[in-house]
Structure formats: structure tokens, C-alpha cells
1. Determine which member of the set E70, E79 is under 11 Å from V41 (Cα atoms) and more than 10 Å from the chain's Cα centre (by Cα).
2. Which numbered condition trips up R42, out of (1) modelled with pLDDT under 95; (2) under 13 Å from the mean Cα position of the chain (by Cα); (3) not hydroxyl-bearing (S, T, Y)?
3. Looking only at the range 43-90, count every residue that is under 16 Å from G18 (Cα atoms) and of a type in the set (K, R) and tell me the total.
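The values are calculated or read from the model by the stated rules, or taken from the named source; none is laboratory data. The structure displayed is predicted, hence computed values, not measured ones.
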Amino acid sequence: MEIVKNKEGATLLVALKGRLDTNTSPELEASLEKEEGFTDVRFDFGQLEYLSSSGLRLLFSCRKKLGGAEHVIVENANEVVREIFRVTGFDRQITLK
């Protein structure tokens, strides 16, 4: 998985390419923990091919840490990933755009 991060004010922008699964979730988690000074995170899933339950847990952990769904936004998710959010109910826990 490739991770590209940038900051815009207090928002951390995170673009992911590849798969967010059991093998790659720890890499993303460690990468996010290195960042400081952000109150919101915006994930660009435009090039994300797959999302597993461990990836969902990581997103939910971000939501909990930052204080709510309005602070974690997922953009550009493909239909397969959107369906995973819908079936698991995470579409009501994370902001999808």
C-alpha cells in the first residue's frame, strides 16, 4: 500500500493506493501516529482497491480519537468499498463523500 500525506491547516489529507487490510493497517496506523496537530482527517480512497475489517477498525479508531464522524471523511471510494461501508453500517459512522 502507498500512503501520501499532506496537511491543510488542521486537516490531515491521506491518499491511499492498494489494499487496506490486516497486513497494511498497522503501517497506516503507525504513519498516522507520527502526525501531530490535526483535528480532522480526510482519506482519499480513489486508488484503494480493497478494505478489510481491520481497515474499518482503524477508521473507527480515528473517529473515536478525533471526536466524531464529522472529523473523519472518506472521499472517492469505489462502489465495492462503498458497499462494504453500507453492509457493515459504517456508512453511518464515517462521513462518505
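1. Only one candidate passes the filter, namely E70.
2. Status for R42: all satisfied but (1).
3. 1
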